[in-house]
Structures are given as structure tokens and as C-alpha cells.
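Novice: This is the structure I have questions about; it appears just below.
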Amino acid sequence: MDKFEIHISPEIINQIKIGIEKYESLQKKDGFIKLANLGWYVNGKTSLTQASNLMDLAHNGKVSDINNYLTNYYKKELSERIFSFDKFQSKRSFIIKEAVECHLSGKYYASVPLFLPQADGLCSKLLFKTKDRKRELKQLVKGKIKNDFFLNILNSVLRTNKIDEYFSDDFDTSTGLNRHAVLHGYDTDYGTELNSLKAFSLLLFIYDFLIFKNEKS
């Protein structure tokens with residue numbers, strides 16, 4: 001019996017090559033960092049094309065376009081992923097489910113402070129820490145993930161961003177979601193659908209790239 005062969009045209013191969021080169025170029029220009037500075041994180045289901053488009057929008061300051069796209073994207077992810085934590089995170093899955101239920105009920109003041117500490121817990125409480133603890137997180141990541149592709153993506157939490165930057169008395173809570181400001185009661189205006197979805201995007205980012213992929217490997 002003849003072997004089954006798949007022939008890919010040179011045009012398609014060239015398109016794939018161009019797509020990969022675009023992704024790598026945007027990533028090297030801190031595309032994921034720029035997204036994180038806007039409060040957004042990709043997850044394991046995000047395609048190369050989606051990631052490239054989002055990084056490109058971030059580079060060009062298209063904040064409204066990013067918010068609109070990822071709001072719709074993560075609203076869908078909420079319903080599709082609510083039970084995905086049972087197998088590998090059974091001890092915290094009921095908390096995450098309750099956070100999702102709060103979000104779906106429009107109780108964003110409840111969902112945000114539930115999502116944020118669970119993201120931190122998945123990182124052995126190293127996500128929202130000082131520079132020294134960030135170094136510990138880097139070691140944890142490098143010890144678990146050897147693939148440079150995922151290490152490059154994880155740079156968006158290994159670096160300090162809006163969500164975990166230093167908080168002071170004159171901190172402006174209107175410029176973005178900040179974990180310390182929320183959980184310590186300084187920010188009283190965080191209860192929005194947008195902030196809740198951003199917090200959920202961080203949770204999925206940590207789960208997909210640091211926890212789930214490591215467990216599957």
C-alpha cells in the first residue's frame with residue numbers, strides 16, 4: 001500500500017514562515033509585556049495568529065480594540081473552562097468556580113478578589129512579590145519549563161507589570177487593575193467586567209503555561 005502523503009504548496013509554507021517571523025519579531029519587542037501592562041494575558045488556547053495580532057495592537061496603542069476582542073474571547077473562555085480545573089487543581093477548583101459564578105452574575109467586586117489570589121497560589125505565592133521573590137519565581141519557571149517558546153511567553157509575569165507593581169499612598173487606581181490595591185482595600189472602583197476578565201486571563205495564563213503543561217509533560 002502506498003504511503004499517504006500530504007503536499008503543502010510553497011505559497012502556504014511561505015505564509016507560515018512569514019507568520020512565525022512576525023510573531024517572533026513582536027515577541028522580541030516585548031509584545032506580551034505590553035499586553036500585560038494593559039492587564040491582559042494570553043492562554044494556552046491562543047493561536048499564533050491571535051497572539052501576533054494582539055501584540056501588534058498593543059504596539060500600536062489600540063487599547064480599545066484589544067479590550068473589545070479579549071472581552072469577547074474571555075467571556076467565551078469562562079463558560080468553556082469552568083470545569084477544566086477539577087483534574088489538576090481539585091483543591092482550589094471550587095473557589096475558581098465560585099469566582100466564575102460571581103462574574104456571570106455581574107458580581108465583579110467578588111470575582112476579581114477571588115481570581116487574583118488563586119493565580120498567585122498557582123505560582124506558590126511568588127507572583128505578587130518583591131524583586132527577590134520574583135527571582136524565585138524565575139527559578140521555579142526555569143525548573144519546570146525547558147522550552148524557550150514558553151519561557152518567552154512567561155516573561156510577561158516574570159517582569160513587573162501594572163497588576164503587581166509597587167503600591168504607594170498616591171497610587172492612581174484609575175489606570176489599571178492592581179492586586180495590592182484591590183486586596184488591601186485601597187481601590188474601591190475595580191468592580192467591572194473588564195477587570196474581572198483581566199484577572200481571569202491572568203489565572204488561565206498561569207494555569208496553562210506553568211501548571212497544566214508541566215503536569216501534561
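The values are calculated or read from the model by the stated rules, or taken from the named source; none is laboratory data. Quick caveat: nothing in here was measured; it's all calculated off a predicted structure. Every residue, glycine among them, receives a Cβ derived from its backbone with ideal geometry; neighbour counts consider all protein chains shown. With ligands, DNA and RNA removed, areas are computed over all heavy atoms of the protein, side chains included. Shrake-Rupley method; radii C 1.70, N 1.55, O 1.52, S 1.80 Å.
Novice: Output the residues belonging to the stretch 161-182 that are out of contact with any Ser or Thr (no Cβ under 8 Å at 6 or more places or on another chain) and at pLDDT 70 or above.
Specialist: N161, I163, D164, E165, G176, L177, N178, R179, H180, V182 - these are the residues of the stretch 161-182 that are out of contact with any Ser or Thr (no Cβ under 8 Å at 6 or more places or on another chain) and at pLDDT 70 or above.
Novice: Need the failing condition index for E193 against (1) open to solvent by 50 Å² or more (accessible area, probe 1.4 Å); (2) of a type outside the set (V, I, T); (3) modelled with pLDDT under 85, just the number.
Specialist: (3)
Novice: Within the stretch 56-104, track down each residue that is within 16 Å of I206 (Cβ to Cβ), open to solvent by 50 Å² or more (accessible area, probe 1.4 Å) and touching a residue at least 12 places away in the same chain (Cβ under 8 Å).
Specialist: Answer for the stretch 56-104, where residues must be within 16 Å of I206 (Cβ to Cβ), open to solvent by 50 Å² or more (accessible area, probe 1.4 Å) and touching a residue at least 12 places away in the same chain (Cβ under 8 Å): F88, R92.
Novice: Can you spot a residue in the stretch 57-67 that is within 30 Å of E24 (Cβ to Cβ) and within 14 Å of the chain's Cα centre (by Cα)?
Specialist: The answer is yes, given that some residue of the stretch 57-67 is within 30 Å of E24 (Cβ to Cβ) and within 14 Å of the chain's Cα centre (by Cα).
Novice: Right, here's the next one. Quick one: count up the residues across the stretch 27-45 that are within 24 Å of A119 (Cβ to Cβ) and part of a helix (DSSP H, G or I).
Specialist: Of the residues in the stretch 27-45, 8 are within 24 Å of A119 (Cβ to Cβ) and part of a helix (DSSP H, G or I).
Novice: Ok, one more. So which residues in the stretch 18-41 are among the small types (G, A, S) and buried (at least 18 other Cβ atoms within 10 Å of the Cβ), if there are any at all? Before the answer, list the steps.
Specialist: Initially, the stretch 18-41 is screened for residues among the small types (G, A, S), giving 19, 25, 31, 36, 39.
Hits for the stretch 18-41 are G31, A36, G39.
Novice: Just to be sure, is F128 aromatic (F, W, Y), at pLDDT below 90 and under 15 Å from the mean Cα position of the chain (by Cα)?
Specialist: So F128 fits the description; yes.
Novice: Okay, next question. Out of curiosity, is V42 touching a Phe, Trp or Tyr at 6+ places or on another chain (Cβ under 7 Å), within 20 Å of L210 (Cβ to Cβ) and at pLDDT 85 or above? Break it down stepwise before answering.
Specialist: Details: touching a Phe, Trp or Tyr at 6+ places or on another chain (Cβ under 7 Å): yes; within 20 Å of L210 (Cβ to Cβ): yes; at pLDDT 85 or above: yes.
Taking the combined requirement at face value, the residue satisfies it.
Novice: Read through the list (1) at pLDDT 95 or above; (2) under 15 Å from the mean Cα position of the chain (by Cα); (3) crowded, with 18+ Cβ neighbours inside 10 Å, then give the number of the only condition that C123 fails.
Specialist: Condition (1) is where C123 drops out.
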